[in-house]
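Please read the structure below before turning to the comments.
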Ligand SMILES: [Zn+2]
């Protein structure tokens, strides 16, 4: 065995794996295509986004809080959840929040074919349009994972890819409401796109609870306002 050659090959493989990981999984990466991660600074604006709904009771509780504080938000919904809870999506739309596509079944896009990814996007667009009459122009990948072929599919459909710059890690079970608040605000700045969750994705109803997100939300809103920021729909950050 030629050891220097083995060493070089191992280095190349490690480099390719690292590059793939960066391109597909790191939220801010633009390697496979353009994604909005943060809005233009200058106006002290931040965007609140909620993924994986609509799911009762959390979506309704979050909508109650947003209404009480007069805060606009963006919801990236799963088509499967829309089919289960159309009335919940209808309320998001009626209350003038922005709705985005988060795939039909909340699948990892790793290694998925263009056809499969296209179907996930289109089924969700159709499910949302059937309830609201509007086809979204924004998409967020489940788990933030992008894959080859995705960006040409989005381009063909005039849809923007949206990632995030800040999150409360509210999907981690051990994170209490106080921790969710602290993590959300840790690096917050002008243009921040905040990721939180209101639903269970395509998992079974009741399998995932975001009660802690609901408890944390008023504290997050109050602290952000105290720092002088206003809340906007993600559409305000689009080019
Ligand atoms: Zn998700």
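Laboratory data are not the source of any read-out in this text; all were calculated from the coordinates shown. These figures come from a predicted structure and were not determined experimentally. Every residue, glycine among them, receives a Cβ derived from its backbone with ideal geometry; neighbour counts consider all protein chains shown.
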- Message: If each DSSP helix of 4+ residues adds -39,500 (n - 2.57) and the sum is divided by the residues in the chain, what number results at 222 nm, nearest 500 deg cm²/dmol?
- Response: -13500 deg cm²/dmol
- Note on the structure: Longest principal axis of the chain (C-alpha) makes with the long axis of helix 211-226 (C-alpha) an angle, in degrees to the nearest 10, of 80
- Query: For the pair residue 207 and residue 114, what calculated FRET efficiency results from E = 1/(1 + (r/R0)^6), where r is the Cβ-Cβ distance and R0 = 35 Å, to the nearest 0.05?
  - Reply: 0.70
- Fully extended, how many nm does the chain gain between residue 87 and residue 186 (0.36 nm per residue separation, minus their Cα-Cα distance)? 32.2 nm
- Message: Nearest 10 degrees is fine. How inclined is helix 114-132 to the longest principal axis of the chain, computing both from alpha carbons?
- Response: 10
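If you scale each eigenvalue of the Cα gyration tensor by 5 and take the root, what three semi-axes come out for region 37-237, rounded to whole angstrom and sorted largest first? Kindly include the intermediate steps, with their values, before the conclusion.
Numbers: eigenvalues 126, 69, 54 Å².
So the three semi-axes of region 37-237 are 25, 19, 16 Å.
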- Taking a temperature of 25 °C and a viscosity of 0.890 mPa s, what whole-number D in µm²/s does Stokes-Einstein yield for region 10-103 with Rh from Kirkwood over alpha carbon pairs? 156
- Task: Quick one: among 78, 204, 96, which has the greatest mean-square fluctuation in a GNM of the chain with alpha-carbon springs under 10 angstrom?
- Result: 204
- Based on the Cβ-Cβ distance from residue 215 to residue 7, what FRET efficiency comes out when R0 is 45 Å, to the nearest 0.05? 0.30
- Query: Pulled fully out, how much extra length does the chain show between residue 157 and residue 227, if you take 0.36 nm times their separation in residues and subtract their Cα-Cα distance?
  - Reply: 21.4 nm
- Message: With just the Cα atoms defining each centre, how far is region 105-140 from region 71-85? Give it in Å.
- Response: 12
- Message: With angles folded into 0 to 90 degrees, how steeply does helix 3-25 sit against the dominant principal axis of the chain? Use alpha carbons for both and round to 10.
- Response: 20
